[in-house]
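The structure appears right after this line, and notes come after that.
The values are calculated or read from the model by the stated rules, or taken from the named source; none is laboratory data. Every value quoted in this text rests on a predicted model; they were computed, and no experiment measured them. Cβ coordinates were reconstructed from backbone atoms using ideal geometry, including for glycine residues, and neighbour counts include every protein chain displayed. Surface accessibility is based on the protein's heavy atoms, side chains included, excluding ligands, DNA and RNA. Shrake-Rupley method; radii C 1.70, N 1.55, O 1.52, S 1.80 Å.
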Amino acid sequence: MSQHPIMEKLAAKLQRKDIPDVKPGDSVRVQVKIKEGDKERVQAFEGTVISMRSGPQGSFTVRKVSFGQGVERIFPFNSKVLDKVEIVRSNQVRRAKLFYLRALKGKAARLREVDHRTETAKTEAPTEA
């Protein structure tokens with residue numbers, strides 16, 4: 001189902017360009033603006049991206065384990081609460097939703113790390129033949 005043209009223009013104007021392309025399996029550090037009374041501060045939330053939703057109201061879910069308790073938080077891509085999103089490391093996964101990580105803990109919840117910077121450097125290197 002397509003959107004109304006006026007709604008598409010409004011959604012395009014509100015899109016944020018400063019958020020990197022995150023994928024499921026990436027470990028990210030999200031800097032979140034928190035307002036306490038009249039003060040505003042930035043707090044980091046670091047974890048693994050376990051799901052993504054695309055579209056004009058797209059979002060991504062980040063999961064971390066804090067003091068033995070699993071914590072998940074959903075961040076809309078175009079939210080003004082997001083200050084900064086950093087990709088800490090990328091992991092190789094074979095599915096789009098990593099909800100199976102909820103049942104795992106410790107070493108069983110590890111993912112295989114992949115360095116995307118070296119892969120892109122290999123594919124972009126000119127071949128002389």
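Below, the figures for the structure above:
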read-out: Student exercise, region 1-65 dipole from Lys, Arg, Asp, Glu Cβ charges, in Debye to nearest 20; value: 20 debye
read-out: Cα-based Rg of the chain normalised by 2.2 N^0.38 Å, two decimals; value: 1.26
read-out: Simple label model, 7 Å out from Cα along Cβ direction - GLN31 to PHE67, nm; value: 2.6 nm
read-out: Solvent-accessible area per residue, Å², over the chain with all protein chains present [probe radius 1.4 Å]; value: 77 Å²
read-out: ARG41-LYS13 FRET efficiency (beta carbon distance; Förster radius 25 Å; 0.05 resolution); value: 0.30
read-out: Residue-span extension gain [SER59 to ILE6] - 0.36 nm each, minus C-alpha spacing; value: 16.9 nm
read-out: Interchain or long-range residues, amide H under 5 Å from ASP83's placed H; value: GLN31, VAL32, LYS33
read-out: Reachable lysines from LYS84, criterion Cα separation under 25 angstrom, eight or more residues apart if same chain; value: LYS9, LYS13, LYS17, LYS23, LYS33, LYS35, LYS39, LYS64, LYS97
read-out: Calculated over region 35-104: convex hull of Cα atoms, volume per residue (Å³); value: 121 Å³
read-out: Of the chymotrypsin sites (Phe, Trp or Tyr not before Pro) in region 1-88, those whose Cβ has at most 16 other Cβ within 10 Å and which sit in DSSP loop; value: PHE67
read-out: Segment ARG95-GLU113, length gained on full extension (0.36 nm per residue, minus Cα span); value: 5.0 nm
read-out: Carbon/sulfur fraction of accessible area - the chain, other protein chains in place, 1.4 Å, %; value: 52 percent
